[in-house]
Amino acid sequence: TSAAITLLGGSVAALVVWKWLGKKMIQKKMEEARRTRDEGLKKMAKAVQQFKEQVPHVQTDAILSLSLLGLAGRLQEGSLSPRTVLYTYIEKVSALEVNQETNCLRHFIPECEEQLQEIQQEEEKGLLYGIPVSIKDHISHKGHLSTCGLVQCLDTRMKEDSVLVKVLKRQGAIPFAMTNVSQSLFSYDCSNPVFGQTLNPFNHQKSPGGSSGGEGALIAAGGSILGIGSDIGGSIRLPSSFCGLCGLKPTAERLRWGWTSVWHICLPNVDICSHPTPVPCAVGPMARDVDSLALCMKALLSEEMFQLDPTVPPIPFNGEVYCSSTPLRVGYYDTDGYFPLPPCMRRVVKETRNALHAAGHQMVPFSPPRIPYVMTELFLKTFFADGGRAWLDVFTGDIIDPSLKPQVNSCKIPRLVKKLLALLLKPLEELFKDVAMISTCRSVREMWNHHHQIQVYRSEFISRWKELHLDVVLCPVLGPAFTTRYPGKLLTAISSTMLYNVLNFPAGVVPVSTVTEADEEELKLYQGCCDDPWDRMLKQAVSGAVGMPVAVQCVALPWQEELCLRFMKEVETLSHGK
């Protein structure tokens, strides 16, 4: 008996030591990653200092104030040099007010200096010649990590540039910075245990949105003029809404970028992204204005893209559609009937609708069908068909970020317990069902049926769109910016953006106003759907946002990015006029 007790005690002690060593190893990896980032920032600052000694009189503010089109024009004509522009933006990023206050940068790309030399030797200037570009953490750049905010991705450097980065470089762009993301990319906050919480540059109590939150914060703070994000539930559009930017989620297959390969390299035993998904992830541009998005799309939708990846449909950017002034037939709604948004978000949809009507566009009421069904049975079921087991595997041997703990904990609840809880909380079944993620596929047949139901819904939605002879749709987007940590508690609030991932429609966000004192007063009366805990939590999340950006969402049918951008441009012009 004493031998058994001794053996048991030894086993427990060994387990404790093993766990302690594992935590120490994780901590060491994270510290090394942060040290590498900090060293990169020091190199960045040193390179800027050397440049300033060589070229002492640079009109920094004048360069930073230029729009992307204005900057591109100056670079093309030669009145500004790519070197001057690059180091002006590097200086802005390395300045205290951009990175140290917002923590938006994940890594400086020192190879930008090599790219600078290469483009200056090219005979032809690409459309993005000399433009510094920031890219989201997980978009592959040769020689750099693509971490997704996960410790287990800190050991593997990318062996080559993603197709998207290759095309950017061939068009003369200079990728110079990689930006922070939410852990595993599955959150619309922007926080991970490795690089920490990114903050909104307009209010440091607020989140910049996610998962492309590092991009949102960097561009909004003036540290980048063009960024590349990705979107599988709103990850381009939500940071754009929270940070007052323009952002476009294209039809997923319109651009190629290589997200799957990142997961394969970092997490070879996890199949979370290794097969085609019925709700695809899209990559797209984020910038200060719509013209910048259009220029970026024109540059990316080039022969270089089509040659590097023949699976991308060879559809060049249609400038004629983008520049058209034909009046549009616009469907509109200010609520999807599922998760009521704050008063200011509905206000700006109504104001934009009135402005569009006054400008000669035909406005048609539109109601998206069956949003509760789409959220629970189509969107969440796509990612949690196995009850979240594959997603939980991503965190094996990792520290879970506080912003993700609500979702992680709900995935860990046994299926039977979830069903019992749903039964007991019948009055809140729809909302509870989202958070607990009960919907699963218990067989291959169920999975195939799930894929079929998504196609059925897309057909239903398009039929309703066609019956009304719509060109585009105007609708709300989640906002204003949430206080940090709240996004993890309100996953269901993303219904406004999630819908267009399920449909795979191009959708963009345009800032049109700011939160007023009157909005804040009206928020005090907000009761949402039924004044339940979720409604009260949303109220807490968005309060204290006077002066923060407020945006609308613009949508077109698949493969009509140019029409979507043209509509966004119209909204932007009218909002500036107002």
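Structure notes:
- When a 1.4 Å probe is rolled over the protein heavy atoms, the share of accessible surface on the stretch 30-310 that falls to carbon and sulfur comes to 47 percent.
- Tensor-based shape of the chain (alpha-carbon gyration tensor, a/c under 1.5 rounded, otherwise prolate or oblate): oblate
- Taking the centroid of alpha carbons for each part, the stretch 504-565 and the stretch 62-105 are 30 Å apart.
- Cα-based shape type of the stretch 30-310, given that a ≥ b ≥ c are square roots of the gyration tensor eigenvalues and the cut on a/c is 1.5: rounded
- The packing ranking, built from the mean of other Cβ atoms within 10 Å per residue, places the peptides 218-230, 103-115 in the order 218-230, 103-115, highest first.
- In this calculation the C-beta distance from K405 to W559 is compared with R0 = 25 Å, giving a FRET efficiency of 0.05.
- Across the stretch 203-211, coupling constants 3J(HN,Hα) worked out from phi with the 6.51/-1.76/1.60 Karplus curve, θ = phi - 60°, read 7, 6, 7, 9, 7, x, x, x, 7 Hz, and Gly and Pro carry x.
- Inter-label distance for K412 and H469, nm, one decimal - labels placed 7 Å from Cα along Cα-to-Cβ: 5.7 nm
- The amide H of Y332, built 1.01 Å from its N in the peptide plane, has V364, F366, L474 as neighbours under 5 Å, considering only residues 5 or more places off or on other chains.
- Under 5 Å between amide hydrogens, built in the peptide plane, is the criterion, and for E160 it picks out G143 among residues at least 5 positions away or on other chains.
- With 0.36 nm allotted per residue and the present C-alpha distance subtracted, the I315-L525 stretch has 70.7 nm of extension available.
- Residue-wise HN-Hα coupling along the stretch 136-142, computed from phi with Karplus coefficients 6.51, -1.76, 1.60 (Hz; x: Gly, Pro): 5, 2, 8, 7, 4, 10, 3
- When both bridge partners sit in the stretch 30-310, DSSP labels roughly 70% of those beta bridges antiparallel.
- Of all DSSP bridge pairs formed entirely within the chain, close to 70 percent run antiparallel.
- Think of the stretch 489-578 as a dipole: +1 on every Lys or Arg Cβ, -1 on every Asp or Glu Cβ, centred on the Cα centre; then among L499, H576, P533, L499 lies furthest on the positive end.
- Within the chain, helix-based [θ] at 222 nm, where runs of 4 or more DSSP H residues each add -39,500 (n - 2.57), nearest 500: -14000 deg cm²/dmol
- Dipole magnitude (debye, nearest 20) for the stretch 482-560, charges at Cβ of Lys, Arg, Asp, Glu: 360 debye
- For the chain, the solvent-accessible area works out to 41 Å² per residue, with a probe of 1.4 Å and every protein chain left in place.
- Subtracting the Cα-Cα distance of E122 and Q76 from their residue separation scaled by 0.36 nm leaves 15.3 nm.
- Proximal lysine pairs, the stretch 30-310, alpha carbons under 19 Å, eight or more residues apart or interchain: 22
- By average C-beta atoms within 10 angstrom, highest first, the peptides 50-56, 515-521: 515-521, 50-56
- Cα gyration tensor, the stretch 483-578 - rounded (a/c under 1.5), prolate or oblate: oblate
- Whole-Å distance, taken between Cα centres, linking the stretch 395-418 and the stretch 293-317: 39 Å
- Using only side-chain charges placed at the Cβ, +1 for Lys and Arg and -1 for Asp and Glu, the dipole size of the stretch 30-310 relative to its Cα centre rounds to 300 debye.
- W559, W18, ranked by accessible area, largest first (probe 1.4 Å): W18, W559
- Scanning residues 5 or more positions from T514 or on other chains, those with amide H under 5 Å from its amide H are V550, with H placed 1.01 Å from N in the peptide plane.
- Potential lengthening of the chain between Q453 and L21 amounts to 150.8 nm, from the contour at 0.36 nm per residue minus the alpha-carbon distance.
- Accessible-area order (highest first, 1.4 angstrom probe) of the listed residues W534, W448: W448, W534
The values are calculated or read from the model by the stated rules, or taken from the named source; none is laboratory data. Not measured: the values here are computed from a predicted model. FYI the Cβ positions are ideal-geometry reconstructions off the backbone, even for glycines, and counts take in every protein chain you see. The protein model used for the area step is the full one, side chains on, heavy atoms only, and it has no ligands, DNA or RNA in it. Shrake-Rupley method; radii C 1.70, N 1.55, O 1.52, S 1.80 Å.
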